[in-house]
Amino acid sequence: MAIPIPLPLPLSASKIRVVSVFSPRIQKIRGAYSMVTGRTPPTFDLPGYLELVDRPAEATSVEAMMVSLHPLVLDYDVEARPDRDGKFVLKNVKPGRYSLTLPFPGRIRTFAIGSKELAPDGFRLDSSGAGPLQIVVSLKTSIVSVKVREFPSQRGDIVAMLAPADPYLTLRESCSFNTLAEPRTTFRWVPPGKYRIFIVDSQFQSDVAACAPRFADFLKDQATPVEVREEGETEATARYVDGETVKLALRQAGSIH
C-alpha cells in the first residue's frame, strides 16, 4: 500500500511574513542604537582652563593657543580654543582613552580633572568626570650645551638631535636638531625635562625623529640621556652613532626594510 505524500501548499504573497533575525533593540540603528555595538556611547562636554606660568614678556597670549585631546584609538581629535581667561569647553567628547596635545613648547605643571591627577600621555575620560580639566603649563626655557665624542670630521652632514623622553613635555613627539660643523653645539629655548641626545648622519634625521620619542628602547645604549635643569645651563657629552648601527635600530623599529 502506497503511503500518501502531502503536497506542498501554494504560497500566497499575502501570507508570507519575513521575520527579522535581529532584535528590535539592535535593529534600530538610527539615533540611539547601533547594529554593531548596541547603544552608541553618549558624548559629553568637558569644561576646563589653561593657565600659562613663567611667561616671558613676548609670549603669545593664552587665547591664541589650542587645547586638543588625541584619541589613543582611531577617531577624531577634540579641540577647543581658550578665551582670554584661559577657559574652554571641549565639545562632544566620547568616552575613551586620550592623550593631551598642546602645540607649543612648555612643561606641564598640573594636569587634573577635579582632584584626580592625569597622565598627559594616556588617560581615560567618561561622563562621570564632570571636570573641570585643569592644565597649568610653564613656559620657562633653558640652554643645553652638547660636546660630541668620536666626531667624524671626514664625513658629510651630521646632526645633533634632542628627543623628548618626558610625558610632561608638551611637544612629546617633536625633536630639535642642530647641524654640526664642529664637535659642539648649543640648544636654546629648551623646556626643562628629560631628553635623549642622538648624534647621527643627517640622512637618518627624519627616521630617528619619528622613532626616538615613541620607542624608549630605540638606540638605548647609544643615546645620551640628559635632564635639562630649570636654572643655569645644562651640559652633556654625546658620541656619534655610526650609520650601520642606526640602520639596524631602524629595521628593528620597523622604520626601514
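The values are calculated or read from the model by the stated rules, or taken from the named source; none is laboratory data. Source: prediction; values computed, not measured. Note that each Cβ is placed from the backbone with ideal geometry, even for glycine, and that neighbours are counted across all protein chains shown.
Annotations for the structure displayed:
- Among the residues of the range 186-239, just one is among the basic types (Lys, Arg), more than 30 Å from VAL53 (Cβ to Cβ) and assigned to a strand (DSSP E or B), namely ARG239.
- One residue stands out among those in the range 125-159 that are closer than 19 Å to PRO213 by Cβ and under 23 Å from the mean Cα position of the chain (by Cα): the one that is surrounded by the most Cβ atoms within 10 Å (Cβ to Cβ), which is VAL137.
- CYS211 under 20 Å from the mean Cα position of the chain (by Cα) and under 18 Å from LEU100 (Cα atoms): no
- Residue match in the range 73-83 (condition: part of a loop (DSSP other than H, G, I, E, B), small (Gly, Ala, Ser), modelled with pLDDT of 90 or more and surrounded by 15 or more Cβ atoms within 10 Å (Cβ to Cβ)): no
- The range 90-123, residues that are in a strand (DSSP E or B) and crowded, with 17+ Cβ neighbours inside 10 Å: LEU90, VAL93, TYR98, SER99, LEU100, THR101, ARG107, ILE108, PHE111, ILE113, PHE123
- Looking at VAL228, VAL241, VAL200, VAL246, just one residue is among the hydrophobic types (A, V, I, L, M, F, W, C), in contact with a Phe, Trp or Tyr (Cβ under 6 Å, 6 or more places away or on another chain) and either free of Cβ contacts under 8 Å to residues at least 60 places away in the same chain or buried (at least 22 other Cβ atoms within 10 Å of the Cβ) (or both), and that residue is VAL246.
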